[in-house]
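Student: The structure that follows is given in the form of structure tokens.
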Amino acid sequence: MDKHERTWLIAEVQTERERLLPLRGEATRTTIEMVRKSAEQVAQPDLVPYLNLAYLLGVKRARGDDELLAFALSLANWAVAAISDLAKYTDRTVEQVVDLYETALMAAAAEADEDPA
């Protein structure tokens, strides 16, 4: 990315941030609600993605694309904060925590691709 593209991207991000800022409160409340409900189902990990998708679709249908974008931004911010906190409290770096999850996902994908003989 050259300097012109980077400048344009930063300007676009700043404009969108300002535009979505009024939606932050509702997006945060929705995030808290979704995390509480989904976390109750952590013992059933196959159910969690369906609950999360139901929340995303519900926000999109009820409130529109801008609210969905604000909600996604809120979720991303929470994920970064949670990973940072987990790293801090487990004496790992953020990169180590992300690598741990990425390795587990890669192993699960490899296992799913195995041909049961």
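Student: Between the helical axis of 48-63 and the dominant principal axis of the chain, each derived from Cα atoms, what acute angle in degrees is found, rounded to the nearest 10?
Tutor: Roughly 20 degrees, rounded to the nearest 10.
Student: Please get the size of the charge dipole for the chain, origin at its Cα centre, with Cβ charges of +1 on Lys and Arg and -1 on Asp and Glu, quoted in debye to the nearest 20.
Tutor: Approximately 740 debye in magnitude.
Student: Right, next: Sum -39500 (n - 2.57) across every DSSP H segment of at least 4 residues in the chain, then divide by the residue count to get the 222 nm mean residue ellipticity, nearest 500.
Tutor: When only DSSP H runs of four or more count, the value is -27500 deg cm²/dmol.
Student: Now a separate question. Heavy-atom accessible area of Ser38 with all protein chains present, probe 1.4 Å, nearest 10 Å²?
Tutor: Here the residue's solvent-accessible area equals roughly 10 Å².
Student: Computing the accessible area with a 1.4 Å probe over protein heavy atoms, can you report the carbon and sulfur percentage for the chain?
Tutor: Exposed carbon and sulfur together represent 60 percent of the surface.
Student: Go through region 80-97 residue by residue and turn each phi into a ³J(HN,Hα) via Karplus (6.51, -1.76, 1.60, θ = phi - 60°); whole Hz please, and just put x for glycine and proline.
Tutor: So the Karplus estimates, Gly and Pro as x, are 4, 5, 5, 5, 4, 5, 4, 4, 4, 7, 10, 6, 10, 8, 4, 4, 5, 5 Hz.
Student: Still on this structure, I have one more. For region 8-25, in order, what is each residue's ³J(HN,Hα) by Karplus, 6.51 cos²θ - 1.76 cosθ + 1.60 with θ = phi - 60°, in whole Hz (x at glycine and Pro)?
Tutor: Result, rounded to whole Hz: 4, 5, 4, 5, 5, 4, 4, 4, 5, 4, 4, 5, 8, 3, x, 8, 4, x.
Student: Okay, next question. Could you order Leu75, Leu69 by accessible surface area, starting with the largest, using a probe radius of 1.4 Å?
Tutor: Leu69, Leu75
Student: Just to be sure I follow the definition: excluding the sites themselves, where is the longest run in the chain that has none of the GluC sites (Glu not before Pro) in a DSSP loop with at most 13 other Cβ atoms within 10 Å?
Tutor: The longest such stretch corresponds to 41-113.
Student: Still on this model: When the chain is treated as a GNM, springs tying every alpha-carbon pair under 10 Å, which of Val35, Val13, Val59 comes out with the largest mean-square fluctuation?
Tutor: In this elastic network of the chain, the residue with the biggest mean-square fluctuation among Val35, Val13, Val59 is Val13.
Student: Let me ask another. Quick one: grab the alpha carbon gyration tensor of region 1-104, order the square roots of its eigenvalues as a ≥ b ≥ c, and give me rounded if a/c is under 1.5, else prolate or oblate depending on whether a/b is larger than b/c.
Tutor: Here region 1-104 falls in the oblate category.
Student: Hey, another quick one. When the Cα centres of region 79-101 and region 34-50 are compared, how far apart do they sit, in Å?
Tutor: 20
The values are calculated or read from the model by the stated rules, or taken from the named source; none is laboratory data. Quantities reported herein were computed from a predicted structural model and do not represent experimental measurements. Don't worry about glycine lacking a Cβ; one is built from the backbone with ideal geometry, like all the others, and counts go over all protein chains shown. These accessible areas exclude ligands, DNA and RNA; they are computed on the full protein's heavy atoms, side chains included. Shrake-Rupley method; radii C 1.70, N 1.55, O 1.52, S 1.80 Å.
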